[in-house]
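Following: one structure in structure tokens, then a few remarks.
The values are calculated or read from the model by the stated rules, or taken from the named source; none is laboratory data. As the structure is a computational prediction, the values presented were derived from the model and not from experiment. Cβ sites come from the backbone with ideal geometry, for glycine too, and all protein chains shown count toward neighbours. Quick note on the areas: whole protein, heavy atoms, side chains included, nothing else; ligands and nucleic acids left out. Shrake-Rupley method; radii C 1.70, N 1.55, O 1.52, S 1.80 Å.
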Amino acid sequence: MNGSDLLADAFGRVRDEVRDAVAGLSGLTLGVRVDGSANSIAWLIWHLTRVQDDHIAEVAGLDQVWTAQGFADRFGLELDTASIGYGHTSAQVDAVQVDDPDLLVAYHEAVHDQTVAYLATLTESDFDRIVDRRWEPPVTLGVRLISVVADDLQHVGQAALLRGVLERRGA
């Protein structure tokens, strides 16, 4: 197994967890903020997918799925199209309202497909390519891809926890 295969497996696990985190939930449940200010399941899944979409498109030199495949229009959020969720205010988190969990899954699936297609083009030496010189040390492609997996897993785990809390509450 090579690095591309390992990363494809990791991103596939994220995809599976995204499906499980939102399956069968109502728009109301997707939007619950358990203490009035915590991130909702909808925001968490949208955000992790936006980050993956943004970061993969950037390193691959591709258009983001969000705009290229019309998901920005399908979601119809009152946010800047370039927004990926970093630094969102409470009002911006509230703006991520999704009535259908299938829309979140469809967007994530499309981003996943673009991600694994890109990974399949990589050679082992590609992982050492510098993709971000704003950091010290500069960020390599391998490090960037691992950081996306880590961020995705963290947020999908948060969504799964919220789902469990809400299910126990009968929401």
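Residue-level check: of (1) on the phi > 0 side of the Ramachandran plot; (2) assigned to a helix (DSSP H, G or I); (3) not basic (Lys, Arg), GLY36 misses just (2). The set of residues from the stretch 1-15 being open to solvent by less than 20 Å² (accessible area, probe 1.4 Å) and either of a type in the set (A, V, I, L, M, F, W, C) or without any contact (Cβ under 8 Å) to a residue 24 or more places away in the chain (or both) comprises LEU7, PHE11, VAL14. For the stretch 62-77, the set of residues classified as open to solvent by 30 Å² or more (accessible area, probe 1.4 Å) and within 14 Å of the chain's Cα centre (by Cα) consists of GLN64 only. Examine the stretch 98-108 for a residue that is free of Cβ contacts under 8 Å to residues at least 24 places away in the same chain, of a type outside the set (Lys, Arg), open to solvent by 30 Å² or more (accessible area, probe 1.4 Å) and touching an Asp or Glu at 6+ places or on another chain (Cβ under 6 Å), and state whether such a residue exists. No, every residue in the stretch 98-108 fails to be free of Cβ contacts under 8 Å to residues at least 24 places away in the same chain, of a type outside the set (Lys, Arg), open to solvent by 30 Å² or more (accessible area, probe 1.4 Å) and touching an Asp or Glu at 6+ places or on another chain (Cβ under 6 Å).
Among the residues of the stretch 78-114, those that are under 16 Å from the mean Cα position of the chain (by Cα) and outside any helix (DSSP H, G or I) comprise THR81, ALA82, SER83, ILE84, GLY85, TYR86, GLY87, HIS88, VAL96, GLN97, VAL98.
Determine, yes or no, whether VAL148 is part of a helix (DSSP H, G or I), more than 17 Å from ALA38 (Cα to Cα) and touching a residue at least 60 places away in the same chain (Cβ under 8 Å). It would help to see each step written out before you state the result.
On the way: part of a helix (DSSP H, G or I): yes; more than 17 Å from ALA38 (Cα to Cα): yes; touching a residue at least 60 places away in the same chain (Cβ under 8 Å): yes.
Answer is yes for this residue.
Would a scan of the stretch 39-57 turn up a residue that is open to solvent by 30 Å² or more (accessible area, probe 1.4 Å) and touching an Asp or Glu at 6+ places or on another chain (Cβ under 8 Å)? Looking through the stretch 39-57, none of the residues is open to solvent by 30 Å² or more (accessible area, probe 1.4 Å) and touching an Asp or Glu at 6+ places or on another chain (Cβ under 8 Å). Note on the stretch 1-33: among residues that are farther than 20 Å from ARG168 by Cβ and assigned to a loop (DSSP other than H, G, I, E, B), the one that is modelled with the highest pLDDT is ASN2. Among the residues of this structure, TYR118 counts as one that is of a type in the set (Phe, Trp, Tyr) and open to solvent by less than 40 Å² (accessible area, probe 1.4 Å).
Restricting the first member to the stretch 16-45 and to residues that are more than 13 Å from LEU166 (Cα to Cα), and the second to residues that are among the polar types (S, T, N, Q) and loosely packed, with under 13 Cβ neighbours inside 10 Å, the beta-carbon pairs closer than 8 Å and six or more apart or on different chains are SER37/SER90. All of (1) within 13 Å of the chain's Cα centre (by Cα); (2) at positive phi hold for VAL51 with one exception: (2).
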